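Read the structure below first, then the notes.
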Amino acid sequence: ELAWSLYGTNAHFGTPLNPAAPDRVPGGSSSGSASAVAAGLCDFALGSDTGGSVRGPASFCGLFGLRPTHGAISLGSCMPLAPSFDTCGFFARDAATLRAVGDVLLPKAQAKASRVMIARDLFARLPEAARAALMPMAERLQARLGKAAPVDVYDRPVEQAYDAFRFLQSHEISVVHGPWLESRKPILGPAIAPRVAFARGVTDEQVAVSRATREEFTAHLLKLYGDDGLMIAPVLHGPAPRLDSSTAEFEAYRDAAMAFLCPAGLAGLPQLVLPAGRMEGAPIGISILGPRGADRALLEAAVLATA
């Protein structure tokens with residue numbers, strides 16, 4: 001609903017199947033796309049990613065997925081959600097197919113990347129079971145791509161970056177969809193209505209502070225990646241929530257998830273998800289990030305790592 005969900009549930013039309021874990025959500029908002037690819041109904045599918053709507057479903061459904069560099073793929077014919085975060089990404093069941101889609105959609109001139117890092121602080125935030133599930137693939141990536149230097153993604157409290165993300169995203173959604181919401185007064189689902197109310201209450205001061213935080217954090221990340229850095233990082237802190245999770249459980253998962261998802265969104269960086277293993281019987285993914293414009297380098301790294 002309004003592409004504003006990490007879970008892919010929909011109060012009006014129902015929830016697509018997660019073929020890899022039928023008792024769990026498929027992830028959203030690109031839930032139908034991920035479900036169709038995971039079920040083998042198509043070779044690839046497009047999805048939007050504003051706050052994690054390709055990366056989350058890819059991890060939840062055991063797929064490869066790319067959130068591209070912000071602006072790398074035109075959104076000229078797409079409905080916006082939060083324009084400074086919106087991207088058009090895509091899913092596939094294997095790295096070679098994902099690369100083939102990228103060959104069509106991505107700009108030809110792309111940055112190279114070869115220096116390898118690993119997100120020390122993000123791995124430290126994982127529950128032990130998630131860390132154990134991800135480390136074999138993290139070690140395989142290093143064996144194929146090069147030994148990774150440990151680095152910290154965050155140069156500030158995570159809460160500062162998360163607040164900047166949610167205030168700016170909510171403000172942009174209110175600007176884009178506010179007039180329609182006011183004039184039509186649609187019946188919103190119980191997960192979305194509180195977010196719309198929150199968006200309406202975002203103040204000019206909160207927006208100004210958030211923009212300053214975004215600029216500072218982005219400058220830190222751009223310096224960290226340089227023009228040649230690849231980073232191995234968790235996508236999320238665990239597998240997909242169960243379909244019967246409570247509202248409080250869904251909200252708690254989302255709050256924890258944004259520590260992993262918001263850096264790429266705030267800085268406009270590309271992030272590629274690879275299946276890494278299973279936790280609690282369900283898929284969990286790992287990711288490779290790079291500097292702006294390194295999308296093709298990420299695709300090549302995924303092919304190399306899974307060959």
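The values are calculated or read from the model by the stated rules, or taken from the named source; none is laboratory data. Being a predicted model, the structure only gives us computed values, none of them experimental. Neighbour counts run over all protein chains shown; Cβ positions are idealised from the backbone, glycine included. When the accessible area is computed, the model is the full protein with side chains, heavy atoms only, and any ligands, DNA or RNA have been set aside. Shrake-Rupley method; radii C 1.70, N 1.55, O 1.52, S 1.80 Å.
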Under 26 Å between C-alpha atoms is the cut-off here; go through the chain and count lysine pairs that meet it, provided they're at least eight residues apart or on different chains. 4
Stretchable slack from residue 75 to residue 115, in nm (0.36 nm times residue separation minus alpha-carbon distance): 11.3 nm
Taking the chain and counting helices only, DSSP H stretches of n ≥ 4 at -39,500 (n - 2.57) each over all residues, the nearest-500 ellipticity at 222 nm comes to -14500 deg cm²/dmol
Could you tell me the relative contact order of the chain? Use alpha-carbon pairs under 8 Å, at least six residues apart, and round to a whole percent. 26
Run the simple label-point estimate for residue 39 and residue 139 please: 7 Å along Cα→C-beta, distance reported in nm. 3.8
Charge-dipole axis of the chain as Lys and Arg at +1 and Asp and Glu at -1 on Cβ define it, positive-most pick from 232, 97, 179: 97
Once you put a point 7 Å from the Cα of residue 251 and another 7 Å from the Cα of residue 11, both along the Cβ direction, what distance in nm separates them? 1.4
Work out from phi, with θ = phi - 60° and the Karplus expression 6.51 cos²θ - 1.76 cosθ + 1.60, the ³J(HN,Hα) of each residue of the range 12-25, listed in order in whole Hz, and give x for Gly and Pro. 9, 10, x, 10, x, 6, 8, x, 7, 7, x, 8, 10, 5
Sequence-distant or interchain residues sharing an amide H contact under 5 Å with residue 277, placed H: which? 284
Write down the percent of antiparallel bridges among all DSSP beta bridges whose residues are both part of the chain, to the nearest 5. 75
With N residues in the range 1-145, what two-decimal value do you get for its Cα radius of gyration over 2.2 N^0.38 Å? 1.09
For the chain, set up a GNM with springs between Cα atoms under 10 Å and report which of 45, 149, 259 has the largest fluctuation. 149
If you roll a 1.4 Å probe over the heavy atoms of the protein chains, what accessible area per residue do you get for the chain, in Å²? 41
Determine the share of the chain's accessible area contributed by carbon and sulfur atoms, expressed in whole percent, with a 1.4 angstrom probe. 58
Whole-percent pair-distance distribution, where bins are 10 Å wide, for the alpha carbons of the chain: 6, 30, 38, 21, 4, 0
If you build a Gaussian network model of the chain, linking Cα atoms that sit under 10 Å apart, which residue out of 37, 25, 202 swings the most? 202
